[in-house]
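The values are calculated or read from the model by the stated rules, or taken from the named source; none is laboratory data. Quantities reported herein were computed from a predicted structural model and do not represent experimental measurements. Cβ: placed from backbone, ideal geometry, glycine included. Neighbour counts: every protein chain shown. Only protein heavy atoms, including side chains, enter the accessible area calculation; ligands, DNA and RNA are left aside. Shrake-Rupley method; radii C 1.70, N 1.55, O 1.52, S 1.80 Å.
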Amino acid sequence: MLSPQDQLTELVRALETDQHVFATDPLLITEKLQGEDGTPIQKLHRRASRIDSNGALARVLGKIDGRIKGIMIVMSVVWCISGFLGLFTLLQSNVVNFFYVLVCLLGFHTIMLGGWLVMTLINRDQQSPSWFASFVSPSYLIRGKDDVTKAAVDLYERQLQHSGMRWYLGRFSHQLWLATLTGMLLAIIFLLVVRQYSFSWESTLLSDQALVSLTQVLGWLPNMLGFGVPDSTAIAQSRLVTEAMPLSVARQWAGLLVGSLLMYGIVPRAIAWAFCALMFRRKKMRLDIKQPYYQKILNFWQRHVVDADDFTEAPALIAPKATVSAGKKLVALLEYPADQDKWWQSGLDGSSHSLEKLSEIENFGIVDDRDDMARLKNYLDAHPVQVLLGIHSKALPDRGTLRKLDQIAAHAKDGLIVQLLGDNSVSTGLTDARTDDELLDKQAVRYQQWQTALSARKIGLVDIDA
């Protein structure tokens with residue numbers, strides 16, 4: 001799966017693509033990060049965290065991740081308890097057949113471990129089984145019809161289909177086996193502490209010498225690691241035992257049983273678990289910053305730091321020049337008030353299309369909330385006028401603002417033209433530590449953003465002489 005930071009970044013991408021309204025405007029965050037240091041991945045992570053300023057996206061991702069991990073923990077505990085109870089039931093008799101108990105402990109486990117090893121070698125690039133993705137599907141773990149929940153569920157669904165998830169599944173299955181074997185080990189230790197057992201062996205097909213040799217081979221590895229194992233004499237004395245045997249001999253068999261469970265059960269399974277964890281780490285999903293969404297952001301951040309000697313900047317998009325039609329005009333301000341009365345005269349007086357030559361001007365005022373938009377659209381539907389919209393330099397060309405612009409353009413029967421208004425605070429003084437040059441540079445960037453937005457919509461821009 002993706003790392004938590006990558007998940008949050010990818011979730012922001014999915015939501016922003018679907019025009020979700022965030023707690024903090026993404027465009028403003030992107031602008032502020034342009035001058036900060038860091039690798040592209042670090043800055044993308046920082047951007048996503050700042051956009052999710054209220055932590056709503058991180059909470060949804062954390063809830064899904066916590067519930068998936070909770071299911072795995074509960075299943076591990078259940079498997080551990082089942083292993084403990086299974087072996088506790090198996091060792092109720094004081095005299096037990098050693099090889100019968102050993103086969104019950106490690107027989108099926110060894111077959112499954114060998115089968116997993118063979119399948120791993122055959123299907124190296126196989127994707128995770130579909131049943132596993134369905135079993136831990138976030139759609140079953142979290143309910144919600146909001147955009148954030150739906151996007152988070154889709155994000156986890158895509159991760160579960162990734163080829164690297166087969167190692168995640170392998171690690172989980174080995175974890176369940178380790179829980180079962182650990183439960184068995186705890187049961188053996190507990191029973192050996194509180195009860196005295198006698199161990200015997202018998203066989204119809206194998207000779208006594210064959211079983212002696214098998215026991216010695218089986219005890220080689222545990223003996224090297226310090227576990228007590230029965231010698232040839234103890235093995236011979238243990239055949240068909242029906243009563244209590246000497247305590248020293250019983251301890252040797254008990255040491256062989258515990259050592260075999262550790263060396264041939266828990267240790268190989270732990271190695272397989274570690275191998276899957278390592279492969280999952282190597283095959284882990286990475287954030288694909290080559291996607292057009294990320295490339296657009298990275299190109300914006302790199303705009304001012306490229307080497308001029310080997311970089312040719314693409315020509316900036318320019319909005320078409322405004323054409324003023326004859327007839328009635330409606331002037332309005334978008335969201336912000338103007339610094340001067342009759343602001344529209346600054347761009348049109350002295351030009352070939354001065355408003356003084358027009359028949360009538362309707363000053364609508366500021367268009368901000370839904371009521372303003374509804375009132376303006378009703379007026380435009382009833383009156384064929386050309387709209388001159390004043391946009392302050394503080395206004396961001398975000399989705400909400402551009403949506404208003406599109407609605408006004410759709411209802412203006414004689415067309416829409418735009419006049420960009422400057423900010424007088426640059427020349428009158430500042431209240432923070434930023435310099436005039438920094439503010440002017442920021443205004444230039446914002447001006448170009450509006451140029452690009454108006455160019456894409458073919459909305460005319462009124463020229464203002466410097």
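Observations, loosely collected:
- Considering residues of the stretch 142-194 that are at pLDDT below 90 and basic (K, R) only, the residue nearest to I266 (Cα to Cα): R166
- Leading residue by the ranking (farthest from the chain's Cα centre (by Cα)) among those in the stretch 100-117 that are of a type in the set (A, V, I, L, M, F, W, C) and open to solvent by 40 Å² or more (accessible area, probe 1.4 Å): V103
- Unmet requirement for I235, which otherwise passes all of (1) among the hydrophobic types (A, V, I, L, M, F, W, C); (2) open to solvent by less than 40 Å² (accessible area, probe 1.4 Å); (3) outside any helix (DSSP H, G or I): (3)
- Subset of the stretch 202-232 [outside any helix (DSSP H, G or I) and open to solvent by 30 Å² or more (accessible area, probe 1.4 Å)]: E202, S203, T204, L205, L206, S207, L225, G226, F227, G228, V229, D231
- Annotation note: of F190, F199, the sole residue that is of a type in the set (F, W, Y), assigned to a helix (DSSP H, G or I) and over 38 Å from the mean Cα position of the chain (by Cα) is F190.
- Residue within the stretch 284-303 that is over 26 Å from P4 (Cα atoms) and either modelled with pLDDT under 85 or open to solvent by less than 40 Å² (accessible area, probe 1.4 Å) (or both) present: yes
- Of all residues in the stretch 36-46 being touching a residue at least 60 places away in the same chain (Cβ under 8 Å) and more than 14 Å from the chain's Cα centre (by Cα), the one that is most open to solvent (accessible area, probe 1.4 Å): P40
- The stretch 238-251 - residue that is touching a Phe, Trp or Tyr at 6+ places or on another chain (Cβ under 9 Å) and in a helix (DSSP H, G or I) and, of those, nearest to Y168 (Cα to Cα): A250
- Listed conditions (1) free of Cβ contacts under 8 Å to residues at least 40 places away in the same chain; (2) surrounded by 13 or more Cβ atoms within 10 Å (Cβ to Cβ); (3) under 30 Å from L169 (Cβ atoms) are all met by I271, apart from (2).
- Check on E356, farther than 22 Å from G400 by Cα, modelled with pLDDT of 85 or more and surrounded by fewer than 16 Cβ atoms within 10 Å (Cβ to Cβ): no
- Residue-level check: of (1) open to solvent by 60 Å² or more (accessible area, probe 1.4 Å); (2) modelled with pLDDT of 70 or more, L330 misses just (1).
- Residue check, K63 among the basic types (K, R) and surrounded by 15 or more Cβ atoms within 10 Å (Cβ to Cβ): yes
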